[in-house]
Amino acid sequence: MTDLATRVKEVWATLHEMPEVGFEEVKTSAFLADALRAAGYQVQTGVGGTGVVGVLDSGNPGPVLALRADMDALGHMVEGKPCAIHSCGHDAHSAMVLTVAEELARKGIERGKLKILFQPAEEKLFGALRVIEDGAIDDVEMVVGIHLRPIQEARSGQATPALYHGASYIMEATIHGLTAHGARPHLGINAIDAAAAAVNAVNAIHMNPTIPATVKVTKLHAGGAALNAIPDKAVMALDLRSQDNGLMDDLIKKTTRAIEAAAATVGATAEVKVSGGCPAAEYDKDMVELAKEAITAVLGPDGLLAPITTPGGEDFHFFVKHKPSIKAAYIGLGADAAPGLHHQEMKFNPDALINGVNILLYMVDKLVGIRA
Ligand SMILES: [Zn+2]
Ligand SMILES: [Zn+2]
């Protein structure tokens with residue numbers, strides 16, 4: 001039998017050769033679904049588009065534990081041609097979770113159910129939403145995710161028990177005025193006047209300064225071909241960030257109100273919407289403690305890093321946002337990934353993947369029990 005360290009590298013090498021961008025993970029999901037079936041899982045495909053769910057039932061009462069891996073590659077341009085590359089390491093995440101899944105099917109679990117969730121389109125930041133809509137987390141009580149870290153954050157032989165991604169949202173606003181001849185501005189409503197007021201109103205929003213939160217106008221288009229007419233439309237976009245989901249909800253409300261009220265000062269109206277984004281990390285204290293214990297057991301005390309706060313977004317956090325009772329943890333694994341994630345030349349040390357496999361197995365054993 002192939003040992004786990006060899007198997008995880010073999011699966012990674014296979015997935016690495018079939019990079020596919022979000023919602024196009026056809027070969028990837030077919031490979032993973034076949035492997036889960038071969039291992040003895042009940043498998044559902046087409047979850048949230050191209051996602052795959054595998055279930056291993058102990059037959060005994062107990063919790064439903066999900067292990068989640070993302071599957072998608074990124075679209076890059078190489079020598080002027082678009083191509084997909086696994087530059088965020090999602091091939092590594094799927095390889096680790098599949099290797100764990102196979103080992104657990106061989107040995108069996110003692111209680112509850114194990115749910116393997118291969119999620120599509122993390123890079124689009126709504127693959128998780130699609131699998132949630134398809135009911136993938138309806139029965140899930142605990143979920144564990146794992147992601148490689150760039151070399152600047154973690155090296156081979158190190159891991160963090162919690163990655164605190166921030167909340168990140170994009171809002172868009174369309175301001176409607178009334179066009180008129182440039183000679184008769186009193187007959188029109190100038191959308192640029194409304195937009196200028198809106199920019200100032202947004203910049204005057206203040207949030208609790210002890211918690212990071214920002215809102216910035218990132219696009220402003222107004223005015224048409226006729227430079228002697230009053231423009232009747234302006235389009236704005238805004239980037240919002242916060243390390244706290246409650247604060248983000250308030251920031252979205254205040255931003256909406258600021259734009260609507262500012263537009264109204266000149267008689268214009270504004271349609272304001274959230275057009276994309278994802279929530280900040282919210283982890284269960286006990287699950288993070290267990291992750292610490294697992295990392296220490298596998299890598300020794302020197303391998304255990306402190307929790308890491310990262311400005312990047314991760315759609316994994318929609319699971320808890322949609323079902324707050326879910327207890328979540330998310331491991332950041334060191335594998336010397338350089339020069340950085342999302343770099344098309346990103347390389348990492350595949351020998352470190354066995355560390356992720358063993359950390360996940362340790363956690364699964366504590367949560368649902370692995371049969372001897
Ligand atoms: Zn990424
Ligand atoms: Zn990623």
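What's the long-distance tail for the stretch 167-278, i.e. % of Cα pairs beyond 18 Å? Can you show the working numbers first?
Details: 2958 of 6216 pairs.
Tail of the P(r) past 18 Å holds 48 percent of the pairs.
Kindly give the semi-axes, whole Å and largest first, of the ellipsoid equivalent to the chain, taking each as the square root of 5 times a Cα gyration tensor eigenvalue. Walk me through the numbers before you get to the answer.
Details: eigenvalues 405, 90, 74 Å².
In descending order the semi-axes read 45, 21, 19 Å.
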Measure of size requested: the Rg and Dmax of the stretch 216-294, with Cα atoms as the atom set and Å as the unit; please supply both.
19.5, 69
With the contact rule set at Cα under 8 Å and sequence spacing of 6 or more, what percent relative contact order holds for the stretch 249-372?
23
Using the Cα atoms as the points, what is the convex hull volume per residue of the stretch 16-103 in Å³?
91
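Arranged from highest to lowest average of other beta-carbon atoms within 10 Å per residue, in what order do the peptides 87-95, 157-165 appear? Write down the numbers at each step before the final one.
Details: 87-95: 26.3, 157-165: 22.8.
Descending mean neighbour count gives 87-95, 157-165.
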Looks like the stretch 87-129, by Cα gyration tensor root eigenvalues a ≥ b ≥ c and the a/c under 1.5 rounded cutoff (else prolate when a/b is bigger than b/c, oblate otherwise), is oblate
If amide H atoms are built 1.01 Å from N in the plane of the peptide, which residues on other chains or at least 5 residues away come under 5 Å of the amide H of Ala328?
Val143, Asp284
Give me the net charge for the shell around Ala234: Cβ to Cβ below 14 angstrom, other residues only, Lys and Arg +1, Asp and Glu -1.
-3
How would the stretch 53-201 be classified by its alpha-carbon gyration tensor: rounded, prolate or oblate, with rounded meaning a/c under 1.5 and the a/b versus b/c comparison settling the rest?
prolate
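Consider all pairwise Cα distances in the stretch 219-359 and report the whole-number % of them above 28 Å.
Working: 4419 of 9870 pairs.
For the stretch 219-359, the share of Cα pairs beyond 28 Å comes to 45 percent.
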Computed Rg/Rh of the stretch 294-372, alpha carbon atoms with Kirkwood Rh
1.00
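Throughout, read-outs are computed from the coordinates displayed, never taken from laboratory work. Quantities reported herein were computed from a predicted structural model and do not represent experimental measurements. Counting neighbours? That spans all protein chains shown, and the Cβs are built from the backbone with ideal geometry, glycine included.
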